[in-house]
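Shown next, in structure tokens, is the structure this report addresses.
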Amino acid sequence: MWLTAYRASVVFMLKDLDSAARMRLMEFVCSFAWADLEVNAQERAFVREWIGRLELDAQEKARIEGWLVSPPGPENLDPTTIPTAHREIFLAAIRGIIEADGRIHAEEIESLTVFRRLLV
């Protein structure tokens, strides 16, 4: 029950993200999808579900689809620059992409651990 309420609160918080923050969120999500050096069908489905939740336009969708083919560059992936108010959303989305395929790889756990530490 708490998980359903938590997910509902995250979906509600998505409304607080402007267009740039939504794209930045997806850039982080896609980078985590590449943590184990491949993006599988379940991870692609997760990303596409979030594209729908975020109501992104065609150009934004195309950019994100590109990140599923080739990972985003590191220049915009500094977790310390994520506003405090958005950090819970970013963590929820990243946890989701890590769990999307039902297998959690050591590389994914390590990346998430580093990410969390940088947010604090």
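Some points to look at:
- Looking at Glu75, Glu65, just one residue is assigned to a helix (DSSP H, G or I) and modelled with pLDDT of 95 or more, and that residue is Glu65.
- Number of residues in the stretch 108-118 that are surrounded by fewer than 14 Cβ atoms within 10 Å (Cβ to Cβ) and either among the small types (Gly, Ala, Ser) or closer than 19 Å to Gln42 by Cα (or both) equals 1.
- Pairs where the first residue, in the stretch 14-30, is without any contact (Cβ under 8 Å) to a residue 60 or more places away in the chain and within 16 Å of Ile94 (Cα to Cα) and the second is among the aromatic types (Phe, Trp, Tyr) and not in a helix (DSSP H, G or I), C-beta under 9 Å, 6+ apart: none
- Members of the stretch 52-62 found to be touching a residue at least 12 places away in the same chain (Cβ under 8 Å) and either part of a helix (DSSP H, G or I) or in contact with an Asp or Glu (Cβ under 6 Å, 6 or more places away or on another chain) (or both), listed by number: Arg53, Glu60
- Checked against the criterion of being surrounded by fewer than 17 Cβ atoms within 10 Å (Cβ to Cβ), more than 20 Å from Arg116 (Cβ to Cβ) and in contact with a Ser or Thr (Cβ under 9 Å, 6 or more places away or on another chain), the candidates Glu60, Glu65, Glu75, Glu49 yield just one match: Glu60.
- The set of residues from the stretch 84-107 being at pLDDT 90 or above and loosely packed, with under 12 Cβ neighbours inside 10 Å comprises Thr84, Ala85.
- Candidate set: the stretch 79-120, residues that are among the polar types (S, T, N, Q) and without any contact (Cβ under 8 Å) to a residue 60 or more places away in the chain; chosen: the one nearest to Leu14 (Cα to Cα): Thr84
The values are calculated or read from the model by the stated rules, or taken from the named source; none is laboratory data. All values derive from a computational prediction rather than experimental measurement. Quick reminder, even Gly has a Cβ in these numbers, built from the backbone with ideal geometry, and neighbours come from all protein chains shown.
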